[in-house]
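Worksheet: one structure, shown below.
Quick note: the coordinates plus some simple rules give every number you see, no bench work behind them. Because the structure is predicted, anything quoted here is derived from the model rather than measured. Quick reminder, even Gly has a Cβ in these numbers, built from the backbone with ideal geometry, and neighbours come from all protein chains shown.
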Amino acid sequence: MWVVAAGMLAGCNAPVDKRVQLRYMAWGNPEQLAIEDRLTEEFNKLNPDIHVQVFKVPQSAYRNKMILMFASRTAPDVVRVDHYDFPQLAVRDYFHDLDEFIAQDKEFNLKDYYPGAVEEGRVNGKIKGLNVLFGGGIMFYNQDILAQAGLEDPNALWKRGEWTYDKVREYAVACTKFDQNGKPVQFGVNVPAFPFYFAVVQAFGGKFLNDTLDKCLLDSPEAVEAMQYMADLRWKYRCAPSPAQGAASAFAFETGKLALEFNYIGNSARLRQMKVRFKWDVCPMPLGSRGDSFFVKGNQLTMYQETKHPQEAWRFMKFLTGPDAERILYIQERRQSPTRMDLAKSEAFLHPKEPPFNMEAVALTVARGKTLPIGPRWQETITTLTPELDNLFAGREKNAAIAMKRATADVNKNLAEEPGF
Amino acid sequence: MTKTRRLVDRPSFWGFLFTTPWLVGFVLFTAGPMLISLYLSFTKYDLSSLEFVGAKNYRKLLFDEPLFWKSLQVTVVYALVSVPLGIVGSLALAILLNQKVRGQRLFRTMAYLPSLVPAVASSLLWMWIYNSEYGLLNYILGFFGFGGAEWLSDEKFALWALILMSLWGIGGGRMVIFLAGLQGISETYYEAARIDGASGWQQFRYVTIPQLSPVIFFNLILGIISAFQVFTQAYVMTGGGPNNATLFYALNIFRNAFEYFKLGKASAMAWIMFIILLILTAIQFGTSRRWVHYEGEAKS
């Protein structure tokens, strides 16, 4: 009892922390979370009147936790949101409008950022989030495998305008190998996974959804051609692993058994960390018959609508998207691509000492990349679409025209329904 | 002098007092949310706006929602096959483990171990077993000259693969209950049967089964309720696919509630499931008089 009483008295005399307390919610692998801690500590040092605490939630539980916290009005002051979830939550007014802060802050200029990065954070004409961990789809290639097959460097082809989807298939077929029993030992390329197939559709001249995001267009001849191209890589040309062959990452790029891979530039951090034993680099996504395949996607840094400290939260958000933090995130640690154009054009970003070396391809991707057609009904749209895409990519339906006709009908039926039912 | 009559007598007062924490918890965390979800099932609620819509969610589900019926069908097939299989499997295992042999405790421990593996971990393990390229199942089939299959990505097999996987848990709690039931059967019944010349099968059919019938009944009710709540395996292993072949009812509720934010519709689905389970349980209780025998119960 004396111990308890003494403890209580000691508590009474403890100095009161007068700093504004903020909570910042984020997820990531241990390396990413270590950087979040480092950036937060840096901010706390520079801003002695504020104390930010990182609220870490495992990725598998992040979405549900975040939704429940918003719905129960207990969300942290600043929340990092994946862009797949951002529009769905933004229309529910969970996020503070940032235009007022941007207008008042003379140090903050939206023109410093890539248009694609700004656009992702805009909802119904208002800025509701600032882009972080921004990046785009890119192509990784194993230089050793290509050299063994006597194939020219894809970047050289790109510069001549010859890095096309036909060329990718040609490379993939040349690099695929089977053993004496017919078992695959090396594949040429992975089938572009979600959302990369939308970029392929784009390069073939098609679109997934119309501009108002209320009509599916995947049954157009251009989209069907793109989908057939991807399915054929796996089932006709056998140069891409099937779902079963690729299970448990058996032919992931880092194993050294895959020549070309469609992936985000952010994956390069993992490859460096793993210290893979082959030479690799990146090149732009290929050109299609009717355009390029550049696309961008990031996370949004949002301010909770009901935060009690909006000014302080804004200072923290500005710091995380400012030049100092971006230099740590994207030049020192190379987690993704800078959202600030001057950094993406800097010598330090474009000429690193470790792979990937061709950072021009990354800068080009984020500069020209289109945003994905993600709206408030994205989750149900993509779930409705998935069965037919599964049918096509799992080889149950070989004809893309049939699969896309059914998929389009399903998605359009869903989109025509009154939201919420 | 008139005596004031107490609302509850002294022992009952203390009883209520000690159960109050549980009662408060029940009202706050079980009954309260249930009533709220009943109300929500008559609304359109998307986490931002709430609108009373009457029975529209129920109408839409019952008459204009193919995926509702698909998920119900998947769940019913799963329940119809996996529950009897599981009961038979658990009973058979319990009988084996009830034999007085050397190492009996070790065998019992080994049989119980798989049920201790978390559902997500066992799901990942079974994904390996079912992998069509490197999986154990296809390897064994190939060893005996049979061709393999794409167990989880083929519409024809995916649900059956999950049903087969459900047998992974036959050595769990259900088997322990059977084991306890078996040990509770008096040896005198078997002795009397043997004196009457009953064979082993006859002893099992006419002594063990009737004596175990309350346990079977209990496991049947719980098994059907559990089967209607299957979620993790489908969420982890197939995501409801291929082509919605493993879209279990609980997974469908989860999607509507937490992916599409259709909480009114999801609540209606939950209440439909509750009503279905209520009817099924009532039917089981109704038919139990014919086949469940309680010790000391007089049958006319």
Computed over the Cα atoms of the range A:138-225, the Rg and Dmax in Å are 16.2, 52
Quick shape summary for the range A:20-103, equivalent ellipsoid via Cα gyration tensor, semi-axes whole Å in descending order, reads 22, 18, 12
Over all viewing directions the Cα convex hull of the range A:80-209 casts an average projected area in nm² of 12.3
Magnitude of the Cβ-charge dipole (Lys and Arg +1, Asp and Glu -1) of the protein assembly as shown about the Cα centre, nearest 20 debye, reported as 1800
For chain A, the longest principal axis of the Cα atoms and the Cα long axis of helix A:165-175 enclose an angle in degrees, to the nearest 10, of 80
Residue A:32 neighbourhood, Cβ < 11 Å, K/R = +1, D/E = -1, net charge +1
Chain A: antiparallel bridges as % of DSSP beta bridges, rounded to 5, reads 65
Beyond 32 Å (Cα-Cα) in this structure, taken from A:207/A:275; A:257/A:297; A:207/A:318; A:126/A:167; A:56/A:167, we find A:207/A:275; A:207/A:318; A:126/A:167; A:56/A:167
Expressed in µm² per second, the diffusion coefficient of the range A:254-324 from the Stokes-Einstein equation, with Rh the Kirkwood radius over alpha carbon pairs, at 25 °C and 0.890 mPa s, is 150
If each part is reduced to its alpha-carbon centroid, the range B:158-207 and the range B:4-65 end up apart, in Å, by 39
Given A:55-68, A:321-334, the highest-first ranking by average Cβ count within 10 Å works out to A:321-334, A:55-68
Expected integer from the mean partner chain Cβ neighbour count at 10 Å over A:65-71 is 2
Among A:331, A:262, B:149, the residue whose Cα sits farthest towards the positive end of the charge dipole of the protein assembly as shown, when +1 is placed on the Cβ of each Lys and Arg and -1 on the Cβ of each Asp and Glu, is B:149
Its Cα gyration tensor gives the range A:333-421 an equivalent ellipsoid whose semi-axes in whole Å, largest first, are 39, 18, 10
The range A:35-63 scanned against label point 7 Å out from residue A:107 along Cα→C-beta; backbone N under 11 Å for A:46-47
The range B:133-193 -> Rg/Rh from Cα coords, Kirkwood Rh, value 1.29
The FRET efficiency for residue B:194 and residue B:218, from their Cβ-Cβ distance with R0 = 22 Å and rounded to 0.05, is 0.20
Averaged over the residues of A:386-392, the number of partner chain Cβ atoms within 10 Å of each residue's own Cβ comes to 4
Most packed first (mean Cβ within 10 Å per residue), the peptides B:41-52, A:150-161 order as B:41-52, A:150-161
Shielding of B:59-66 by other chains, given as the mean Cβ count within 10 Å, works out to 1
If N is the residue count of chain B, its Cα Rg over 2.2 N^0.38 Å rounds to 1.27
The helix A:2-13 Cα axis meets the longest alpha-carbon principal axis of chain A at an angle in degrees, between 0 and 90 and rounded to 10, of 90
Given unit charges at Cβ for Lys, Arg (+) and Asp, Glu (-), the dipole magnitude of chain B about its Cα centre in debye, nearest 20, is 940
Expressed in nanometres to one decimal, the distance between label points 7 Å along Cα→Cβ at residue A:148 and residue A:68 is 4.8
For B:243-250, A:264-271, ranked highest to lowest by mean beta-carbon neighbours within 10 Å, the order is B:243-250, A:264-271
Simple SL model, points at 7 angstrom along Cα→Cβ for residue B:107 and residue A:164; separation in nm is 7.0
Subtracting the Cα-Cα distance of residue A:100 and residue A:33 from 0.36 nm times their residue separation yields 21.1 nm
Over all Cα pairs of the protein assembly as shown, the Kirkwood radius sets Rh, and Rg/Rh then becomes 1.03
Across chain B, qualifying lysine pairs (alpha carbons under 30 Å, at least 8 places apart or different chains) come out at 16
With residue A:419 itself left out, Lys, Arg at +1 and Asp, Glu at -1 over residues whose Cβ is under 11 Å from its Cβ give -2
Given unit charges at Cβ for Lys, Arg (+) and Asp, Glu (-), the dipole magnitude of the range A:147-286 about its Cα centre in debye, nearest 20, is 640
The ratio Rg/Rh over the Cα atoms of chain A, Rh being the Kirkwood inverse mean 1/r radius, stands at 1.02
Here the percent of antiparallel bridges among DSSP beta bridges lying wholly in the protein assembly as shown, to the nearest 5, is 70
Env charge @ residue A:322, Cβ radius under 14 Å, K,R +1 / D,E -1, value -2
Plugging the Cβ-Cβ distance of residue A:124 and residue B:51 into 1/(1 + (r/R0)^6) at R0 = 30 Å yields, to the nearest 0.05, a FRET efficiency of 0.90
